[in-house]
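Asks: First, the structure itself, so that you have it in front of you.
The values are calculated or read from the model by the stated rules, or taken from the named source; none is laboratory data. Since the model is a prediction, treat every value here as computed from it, not as a measurement. Methodologically, a virtual Cβ is constructed for each residue, glycine included, from the backbone with ideal geometry; neighbour enumeration extends over all protein chains shown.
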């Protein structure tokens, strides 16, 4: 288990390197790292240079922290995240979120590329995550509780902060952007789900499925952070359409959706308090 000392060491290193005191953190998923190019007066730090940080190994995840200003707000963006399927422990997967909390960040925007389960969705759609279903037993909070972050048994009834979702919907409407809202199903990967698993997810109420985000949100909620989750529907899940799945399609669709994704997230950040 990652110790509080390791988290403090990473936070202290970043505190000395960053040119701003970030108020908002953004985790950028597969194919969505281009958002970081919008950050002004940017300082980039490779994950490999940060004490105790893991390193991204997946295509579409650059492996850098980018700090600066976006629409006048001090932000810290992760260009790429860590996944359990890469061989990392859950502690390592969520380590950056705890470092962000240690840096004093209160608002977290988590993004991902997801497979669409809801048949009303189409590739390229953006979906606000209103809740999740964790189809994987290990919790990032397993083991000795770190009391400095939150309680042993934390509430998850508003993990995806309602006020941030309402703000995002209002902004999307004002921009003329269609935005979906739904439940995200978390599967461990790296194999894509089988058609039978997708039918199960449909029955249980999931609208989209992916291999990330949920561990980060659990830890953020534990630490009292406000969370906005946005999925880019990059493909329809197995069995929804009669075609095989591939990661290249995920990255390509995320890139096609980049303009409306960037427009929405920038507008949200401008309005965040």
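Asks: Between residues in the stretch 41-65 that are closer than 12 Å to residue 17 by Cβ and residues that are modelled with pLDDT of 65 or more and in a loop (DSSP other than H, G, I, E, B), which pairs lie under 6 Å by C-beta distance while being six or more apart or on different chains?
Replies: 43/19
Asks: Now for a different question. Does residue 66 meet the test of being within 29 Å of residue 189 (Cα to Cα), in contact with a strand residue (DSSP E or B) (Cβ under 7 Å, 6 or more places away or on another chain), modelled with pLDDT of 90 or more and in a strand (DSSP E or B)?
Replies: Here the answer is yes, as residue 66 does meet what is asked.
Asks: Could you run through the stretch 1-60 and say how many residues are modelled with pLDDT of 85 or more, under 20 Å from residue 74 (Cβ atoms) and in a loop (DSSP other than H, G, I, E, B)?
Replies: Selection size over the stretch 1-60: 7.
Asks: Ok, one more. Tally time: how many residues in the stretch 69-82 are surrounded by 20 or more Cβ atoms within 10 Å (Cβ to Cβ) and not in a strand (DSSP E or B)?
Replies: Restricting attention to the stretch 69-82, the residues satisfying the condition of being surrounded by 20 or more Cβ atoms within 10 Å (Cβ to Cβ) are 70, 75-82.
Going one step further and asking which of them are not in a strand (DSSP E or B), we end up with 80-82.
Of the residues in the stretch 69-82, 3 are surrounded by 20 or more Cβ atoms within 10 Å (Cβ to Cβ) and not in a strand (DSSP E or B).
Asks: Do we find a residue being surrounded by 18 or more Cβ atoms within 10 Å (Cβ to Cβ) and free of Cβ contacts under 8 Å to residues at least 60 places away in the same chain anywhere in the stretch 16-38?
Replies: Scanning the stretch 16-38, I find at least one residue that is surrounded by 18 or more Cβ atoms within 10 Å (Cβ to Cβ) and free of Cβ contacts under 8 Å to residues at least 60 places away in the same chain, so the answer is yes.
Asks: Of all the residues that make up the stretch 106-117, how many are in a loop (DSSP other than H, G, I, E, B) and touching a helix residue (DSSP H, G or I) at 6+ places or on another chain (Cβ under 7 Å)?
Replies: Narrowing the stretch 106-117 to residues in a loop (DSSP other than H, G, I, E, B): 106, 117.
Next, from what is left, pick out any that are touching a helix residue (DSSP H, G or I) at 6+ places or on another chain (Cβ under 7 Å): 117.
The number of residues fulfilling the criteria is 1.
Asks: Also, I was wondering about something else. Tell me whether the stretch 102-109 contains one or more residues that are surrounded by fewer than 20 Cβ atoms within 10 Å (Cβ to Cβ), more than 22 Å from residue 11 (Cα to Cα) and more than 15 Å from the chain's Cα centre (by Cα).
Replies: Looking for residues that are surrounded by fewer than 20 Cβ atoms within 10 Å (Cβ to Cβ), more than 22 Å from residue 11 (Cα to Cα) and more than 15 Å from the chain's Cα centre (by Cα), one finds none in the stretch 102-109, hence no.
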